[in-house]
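Reviewing the structure listed below.
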Amino acid sequence: MAEADPIGASVPAADVDTSPRPARDPVSFKRELTGVIPHLRAFARGLCGRPDLADDLVQETLLKAWAAQERFEPGTSMRAWTFVILRNAYLTDMRRNRFRADYDETVAERILVAPAAQEGPMHLSDMHRALLTLPP
């Protein structure tokens, strides 16, 4: 029986590797992951420009990479894999924060403080009285 590969071509069942992949050693994964931290920090600083946000982004990337370590292909570039995770996390944060604005206390004060409603009619009655005093 033939199976379809991702491109759509038919692959004979005998050529499909169904053997389980060897389990990745968590110690070597951790060693490799910690080795890319300086590169991740530099990449994150280049993306967001702020050291505090860059460190948060790297921490989020490390957590996501650790949680998805079974999806990492041994023998491939850990740096490239984690850079993709970091970039995607950054873009997600940017989309999420697109509509947020910095809090400005003076603007909030102007918006929240409304003028007294009774002053408007007083000004109108003063103007009406002044118009009545004008000569014809």
- Note on the structure: For the stretch 29-39, the count of residues that are of a type in the set (A, V, I, L, M), buried (at least 17 other Cβ atoms within 10 Å of the Cβ) and part of a helix (DSSP H, G or I) equals 1
- Across the stretch 54-63, which residue is surrounded by the most Cβ atoms within 10 Å (Cβ to Cβ) among those that are under 13 Å from the mean Cα position of the chain (by Cα) and among the charged types (D, E, K, R)? Glu60
- Task: Please report, ordered by residue number, the helices (runs of 4 or more DSSP H) entirely within the stretch 40-127 with at least 3 residues that are touching a residue at least 12 places away in the same chain (Cβ under 8 Å) and among the charged types (D, E, K, R).
- Result: 51-67, 78-96
- Task: Scan the stretch 25-39 for residues that are of a type in the set (Gly, Ala, Ser) and touching a residue at least 40 places away in the same chain (Cβ under 8 Å) and report the count.
- Result: 1
- Message: Is it the case, given these coordinates, that Leu131 is free of Cβ contacts under 8 Å to residues at least 40 places away in the same chain and over 24 Å from the mean Cα position of the chain (by Cα)?
- Response: yes
- Item | Residues satisfying the stated conditions in the stretch 24-42, i.e. more than 13 Å from Ser77 (Cα to Cα) and acidic (Asp, Glu) | Asp25
- Just give me the residues in the stretch 78-113 being at pLDDT 75 or above, farther than 23 Å from Phe29 by Cα, among the charged types (D, E, K, R) and under 14 Å from the mean Cα position of the chain (by Cα), in sequence order. Asp93, Arg95, Arg96, Arg98
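The values are calculated or read from the model by the stated rules, or taken from the named source; none is laboratory data. Everything quoted here is computed from the prediction, not taken from an experiment. Heads up, the Cβs are rebuilt from the backbone with ideal geometry, glycines too, and the neighbour counts pull from every protein chain shown.
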